[in-house]
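Written below as structure tokens is the structure these notes are about.
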Amino acid sequence: MSKKFIVETSARHVHLTQEHLEALFGKGATLTHKKDLSQPGQFACEERVTIVGPKRELAGVSILGPVRPATQVELSATDARSIGVDAPIRESGDIAGSGACKIIGPKGEIEISEGVIVAKRHIHLTPADAEELGVKDKEIVWVKLDTDGRKAIFGDVVVRVSEKFARAMHIDTDESNAVSAPRSLEGEIVKI
């Protein structure tokens, strides 16, 4: 079995609570499924929002479903700087003390005092995948990306293990552009 895994680019997106979804899209609003994502049960939605920072705004930002227990905005470092938001590099869900912004929808707007992050690059693995690759949950690893003309090794990659996951690494658009990532990219854990 291959020790490689797909590497996907995770573009800017928002996760919303049901309360915030209704504040932005109206009472009783639900998310409209557009397409499934690689992680089981996760999907891109038809709905879009505008993220507003002190300097400027980002329109047409995707929402990912299903609704979450906390609202979170995931941007690249370039996005965050461009709108003037101080967004720390964090694992998804670790939003305490993170960046603030305004989110505008067609029926309303909300201000979040924390929740804007630059997602830490990570690999989703099942327990069987983790055993096969010789890694454990929360381990920090190096990953080699074999791209044409811009090969790279990324450090500080966190391993996330759950029965609910599918084998895939996620990088943001800054990281993807830095290696000129093709549509189909594979990574491999390397020992340094």
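The values are calculated or read from the model by the stated rules, or taken from the named source; none is laboratory data. Source: prediction; values computed, not measured. Neighbour counts run over all protein chains shown; Cβ positions are idealised from the backbone, glycine included. Each accessible area value is taken on the protein alone, full model and side chains, heavy atoms only, with ligands, DNA and RNA left out. Shrake-Rupley method; radii C 1.70, N 1.55, O 1.52, S 1.80 Å.
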message: Please determine whether any residue of region 55-74 is buried (at least 20 other Cβ atoms within 10 Å of the Cβ) and either out of contact with any strand residue (DSSP E or B) (no Cβ under 6 Å at 6 or more places or on another chain) or more than 29 Å from V159 (Cβ to Cβ) (or both).
response: no
- line: Counting only residues that are closer than 14 Å to E109 by Cβ and open to solvent by 20 Å² or more (accessible area, probe 1.4 Å), region 1-31 contains a total of 5
- prompt: How many residues are open to solvent by 20 Å² or more (accessible area, probe 1.4 Å) and either β-branched (V, I, T) or over 17 Å from the mean Cα position of the chain (by Cα) (or both) if we restrict to region 109-128?
  reply: 6
task: Filter region 39-88 down to residues that are touching a residue at least 60 places away in the same chain (Cβ under 8 Å) and of a type in the set (D, E, K, R) and give me whichever is nearest to L24 (Cα to Cα).
output: E74
query: Mind checking which residues of region 129-148 are open to solvent by less than 70 Å² (accessible area, probe 1.4 Å), of a type outside the set (D, E, K, R) and over 14 Å from I6 (Cβ atoms)?
result: A130, G134, V135, V141
message: I need every pair where a residue in region 170-192 that is without any contact (Cβ under 8 Å) to a residue 40 or more places away in the chain has its Cβ under 9 Å from the Cβ of a residue that is outside any strand (DSSP E or B) and open to solvent by 30 Å² or more (accessible area, probe 1.4 Å), sequence separation at least 6 or different chains.
response: N177/T78; A178/R150; V179/R150; V179/K151; S180/D148; S180/G149; S180/R150; P182/D148
statement: By residue number, the members of region 139-185 that are of a type in the set (D, E) and modelled with pLDDT of 95 or more are E139, D156, E163, D172, D174, E175
query: Do we find that L145 is farther than 18 Å from Q39 by Cα and either in contact (Cβ under 8 Å) with a residue 40 or more places away in the chain or not hydrophobic (A, V, I, L, M, F, W, C) (or both) in this structure?
result: yes
